[in-house]
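The structure appears below as structure tokens.
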Amino acid sequence: MARLSLPTTARLSSTLRVDPANNTVIKTLNRLSRPSLLSLILDWLDERNQSLCPPLLRRPDAGEEDDEDDEDDFYPPARSLPELRELYEAMRSRKGGRREVVDRVLEGDWRYGLSLYQLAMADLQYLYDHPGSLRWTAYRVQRLRAPAHEDDAEGPEVADRESTAVPRFHPSTFLQNLQAEVLPDVKAHYNFDRPKGMPLLLLRIFIVDSPYNTDLAVSTRHRGRPSHSLAGSGRSGSNATTSFDTSRTIYIAFPDASPHIYISKSASAASTSSGAAGEAKSLRALIVEGIPKALSRPRERYALKGTGLSTKNLGAMLAVKGAGRTNAAGGGWSVYAGTETKDLKADNPLQTLRLLLPTPPLSDASSTTQDEEVAAAGGDADRSRKRRRLLLADPDEAEDEKQRKRARAAAQARFGDAAKVDDGKGVERLDVAIEDPFPTDTAVPLLDDDDYDTRRGADAGEPSRRKSKGGRKSILDLSLSQEDLEDVSNARGKGRAGQEGEESWAPRVRLSFHGSHVFAGLRQLVEAGIVDGERMPGWMTGEEGVTAGAVRHGRIKGFRGSGV
């Protein structure tokens, strides 16, 4: 009697095999390098992974007829697991191409298909080999305010900005709740992994459009030995196979002890067709909407709030939205976030140890040591003294040297220990929209009519003081809350319309910085004197922790209204 496959809400099992003729399997293996692929195969052959990655081995009770069949086979099965492991060890020790390894996997040792767990390991291996292949977006897990009355339960959800609660995360419970939020006609395979050297837990979600959680979800070919017209032969089998789109793979990173999560966006989604890209985007939105619901509990609801931070560098993401001390200490404030011994010994007002053990005055020995270090950095002591004499002889050169030192000091003050070229925390793009109104003599958008007239009367006798402050600084009120800023920005052009007879004009200014490390490049521009480090805004130093935002009234806000 044939087996029946009924629609179900259960997730896909890791032991389900995908046909080796599937294009997704072929592409997944072919994008790995030969050393990386061989290392991955040896992990498959580990004793602990045999329940999920079993290869094809010769039966112990095989007779002479089976031996004759194996002689006709181009890749005869190995007799035991150690023998197969030695074979791949020998392939790793000699030179060769990647095609040799892929053909043996698909047409030999795993000719009956690769499990979903093996595909997940291959995808993760590629991610570790190419960390910049995915773009990550940071979200903050924000608790929602409980409704005070039953009538308020049907209204819009309101975030509790004063709450510091973080949901309790348990992997198995989270997956169970997340699967309950996914539509019944969509199945997903989940795989957790912990990258080496990173304090986070990585979740890979592979989404398939199928109501079944059996072999029908991953392939239409019946279980059995597939035809030998596989990868690279240019011929397809008689039975059709299910085609997967790589953009339907979503990664979710859960940093340790942090109220943020990172969600990936496939970098290859733009290269797919419009229909496939739209379908992948809708499936991704479905998963993203289910994440806060899976983290919520009765009377404890959460929502995801955008932070305006998006980058391909997980290290930069952990530095800005992780569990360390650099979350709220970007740019020049990074000097207060050091944890190493040299940082503890530095002149830091936050270190109480400095108050107990003050630094003694410089002695002759210490000053001599500093001179030797300066001389060693610039060459030798004679060259340093000769340069000083040249500077004293040429006033223009002395002035240029003074400006260079001032620029380097300004860069150190504004960027601190952050934004170094070799710090491994590079952000490749920064997009900012300037939404400030064009400055005029009478434009004070943060004040109503009564306060505006009062302020003008009070400042009438101090014209020089108002002029020295400038248009932008005179309208900046640091005590305004986020809601006040939003209300002011919405009514910016309407408040002065009745008094002046016309709306305030705001030019369309968009700034976009590109590079391997945007903030390190801005720091080099400040050190070179091209950018004025004393007058540059704080969002150019990276201290706001956003990569996309809008500048309103001199302060940057997150992209599409999300606050900073």
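The values are calculated or read from the model by the stated rules, or taken from the named source; none is laboratory data. Keep in mind that what you see is a predicted model, and the values were worked out from it rather than measured. Neighbour counts are summed over all protein chains in view; Cβ atoms, including those assigned to glycine, are modelled from backbone coordinates with ideal geometry. What goes into the accessible areas is simple: the full protein's heavy atoms, side chains included, and nothing from ligands, DNA or RNA. Shrake-Rupley method; radii C 1.70, N 1.55, O 1.52, S 1.80 Å.
Quick check, is ARG406 touching a Gly at 6+ places or on another chain (Cβ under 9 Å), modelled with pLDDT of 75 or more, of a type outside the set (Phe, Trp, Tyr) and open to solvent by 100 Å² or more (accessible area, probe 1.4 Å)? Full working, then the answer.
Working: touching a Gly at 6+ places or on another chain (Cβ under 9 Å): yes; modelled with pLDDT of 75 or more: yes; of a type outside the set (Phe, Trp, Tyr): yes; open to solvent by 100 Å² or more (accessible area, probe 1.4 Å): yes.
Judged against the criteria, ARG406 is a match.
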Inset, instruction - Give me the pairs, please: first residue somewhere in region 9-28 and under 20 Å from ASN49 (Cβ atoms), second residue anywhere and among the acidic types (Asp, Glu), beta-carbon distance under 7 Å, and either six or more positions apart or on two chains. - result: LEU16/ASP215; THR28/ASP123
Inset, instruction - Of the conditions (1) within 12 Å of ALA294 (Cβ to Cβ); (2) at pLDDT 90 or above; (3) open to solvent by 70 Å² or more (accessible area, probe 1.4 Å), ALA180 clears all except one; give me its number. - result: (2)
Legend entry - Residue check, SER268 open to solvent by 30 Å² or more (accessible area, probe 1.4 Å), modelled with pLDDT under 80, within 17 Å of the chain's Cα centre (by Cα) and farther than 30 Å from ILE556 by Cα: yes
Legend entry - Lone unmet requirement of (1) surrounded by 16 or more Cβ atoms within 10 Å (Cβ to Cβ); (2) of a type in the set (A, V, I, L, M); (3) modelled with pLDDT under 85 for LEU356: (1)
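How many residues, within region 505-528, are at pLDDT below 90 and out of contact with any strand residue (DSSP E or B) (no Cβ under 7 Å at 6 or more places or on another chain)? Please lay out each step first, then the result.
Restricting attention to region 505-528, the residues satisfying the condition of being at pLDDT below 90 are 505-509.
The next check asks that each one be out of contact with any strand residue (DSSP E or B) (no Cβ under 7 Å at 6 or more places or on another chain); those that pass are 505-508.
Qualifying residue count, region 505-528: 4.
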Inset, instruction - Being assigned to a loop (DSSP other than H, G, I, E, B) and acidic (Asp, Glu) is the filter; apply it to region 146-197 and report the residue that is farthest from THR249 (Cα to Cα). - result: GLU162
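Give region 521-543 a look and list any residue that's more than 18 Å from ALA433 (Cα to Cα) and part of a loop (DSSP other than H, G, I, E, B), or say none.
Start the filter on region 521-543 by keeping residues that are more than 18 Å from ALA433 (Cα to Cα), which leaves 521, 523-535.
Within region 521-543, ALA528, GLY529, ILE530, VAL531, ASP532, GLY533, GLU534, ARG535 meet the criteria.
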Inset, instruction - Spot the failing condition for GLY306; the list is (1) assigned to a helix (DSSP H, G or I); (2) surrounded by fewer than 19 Cβ atoms within 10 Å (Cβ to Cβ); (3) under 20 Å from the mean Cα position of the chain (by Cα); (4) modelled with pLDDT of 75 or more, and only one is missed. - result: (1)
Legend entry - Test: residue in region 118-140 that is touching a strand residue (DSSP E or B) at 6+ places or on another chain (Cβ under 8 Å) and free of Cβ contacts under 8 Å to residues at least 24 places away in the same chain: no
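Here is a yes/no grid of residues against (1) surrounded by fewer than 21 Cβ atoms within 10 Å (Cβ to Cβ); (2) out of contact with any helix residue (DSSP H, G or I) (no Cβ under 9 Å at 6 or more places or on another chain); (3) more than 17 Å from ARG404 (Cα to Cα):
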position	(1), (2), (3)
SER516	yes, yes, yes
ARG523	no, no, no
GLU527	yes, no, no
PRO537	yes, yes, yes
GLY542	no, no, yes
VAL546	no, no, yes
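This table checks each residue for (1) in contact with a Gly (Cβ under 6 Å, 6 or more places away or on another chain); (2) closer than 17 Å to SER334 by Cα; (3) among the hydroxyl-bearing types (Ser, Thr, Tyr).
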residue	(1), (2), (3)
GLY515	yes, no, no
VAL526	yes, no, no
ASP532	no, no, no
GLU543	yes, yes, no
Inset, instruction - Quick one: count up the residues across region 11-33 that are open to solvent by 50 Å² or more (accessible area, probe 1.4 Å) and outside any loop (DSSP other than H, G, I, E, B). - result: 4
